[in-house]
Amino acid sequence: MSLRDQARKWPLLKQLTGSDLLGRGAAAQSRKYLEITPHTKSADKVVKSICPYCAVGCGQDVFVKDGKVTQIEGDDDSPVSRGRLCPKGSASKQLVTNPDRVTTVLHRKPYATEWEELDLETAMEMVVDRVLASRDEFFEWEDADGTRVRRTAGIASLGGATLDNEENYLMKKLYTSLGAVEVENQARI
């Protein structure tokens, strides 16, 4: 290939000598770009979802092939984000595809140096036992003046910014029913 033919392939020369003077079309496309197939074209299905990172609730299109997530992009139909995602939302594919993702319940007994795997039912029973024990130990029916308060200082909640309004509502209901008065959200702090 002659030097002249090679020079014609340079993006700047393609842009200046072709019909794409702004460099937003054919002038910006390389041969490699034309040969690759996007993950979005090879997907079996597209599942609508919501980004889990913050309370904004940006819409996501999750592309799935053979039961595995291949790509996550902004949902153009979302009135919240209109197809846009922040850097964390754009990288959320790693939440489900990262090989280092923890998928089991790990527990370390007091004074132990190693973690042990537990089945989910056992772990949930341990949480329930501890919540009820704390509630019973610190529960107050009445304050010092004899006013009925029905509260506990043994349980508190600090929610995260990834919770949406509905989840926060349910958590507030749960903790209030247990008697907790210290219920806060990290997004407000």
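Readers should treat all values here as calculations from the given coordinates under stated rules, not as data from a laboratory. Here the structure is a predicted model, which means the values were calculated and not measured. Positions of Cβ are generated from backbone atoms using ideal geometry, with glycine treated the same way; all protein chains shown enter the neighbour counts.
Tell me the angle of helix 165-178 to the major Cα principal axis of the chain, expressed in degrees between 0 and 90 and rounded to the nearest ten. That helix lies at roughly 20 degrees to the long axis.
Compare the peptides 137-146, 19-28 by average per-residue count of other Cβ atoms within 10 angstrom and give them in order, highest first.
Order by mean packing, descending: 19-28, 137-146.
May I ask for the net charge around residue 156, where only other residues with Cβ less than 12 Å from the Cβ of residue 156 are counted and Lys, Arg are +1 while Asp, Glu are -1? Every neighbour counted, the sum reads 0.
Could you work out the helix-only [θ] at 222 nm for the chain, with each DSSP H run of four or more residues adding -39,500 (n - 2.57) and the total divided by the number of residues, to the nearest 500 deg cm²/dmol?
That calculation yields -8500 deg cm²/dmol at 222 nm.
Lys-Lys pairs in the stretch 38-169 that are eight or more residues apart or on separate chains and whose Cα atoms lie under 19 Å of each other come to 12. Note on residue 109/residue 65: beta-carbon distance plugged into 1/(1 + (r/R0)^6) with R0 of 30 Å gives a FRET efficiency of 0.10.
Evaluated on the stretch 105-188, the Kirkwood hydrodynamic radius is 15.0 Å, with distances taken between all distinct Cα atoms. Give the label of the value calculated from the structure for semi-axes √(5λ) of the Cα gyration tensor in Å, choosing from (1) 37, 20, 15; (2) 30, 18, 15; (3) 55, 22, 14. Label of the calculated value: (3).
Relative to the present Cα-Cα distance, how much length would full extension add between residue 98 and residue 127 at 0.36 nm per residue of separation?
Computed gain between residue 98 and residue 127 is 7.7 nm.
Spin-label model, residue 88/residue 164: points 7 Å from Cα along the beta carbon direction are separated by 1.6 nm. According to the Kirkwood relation over distinct C-alpha pairs, the hydrodynamic radius of the stretch 45-97 is 10.9 Å. Close amide H partners of residue 185, meaning residues 5 or more places away or on another chain with modelled amide H under 5 Å apart, are 159.
Amide H to amide H, with H built 1.01 Å from N, residue 86 comes under 5 Å of no residue 5 or more places away or on another chain.
Sort 50, 155, 36, 72 so the one with the fewest other Cβ atoms within 10 Å of its own Cβ comes first. Write out the running numbers ahead of the final one.
On the way: 50 16, 155 20, 36 9, 72 24.
So the residues, fewest neighbours to most, are 36, 50, 155, 72.
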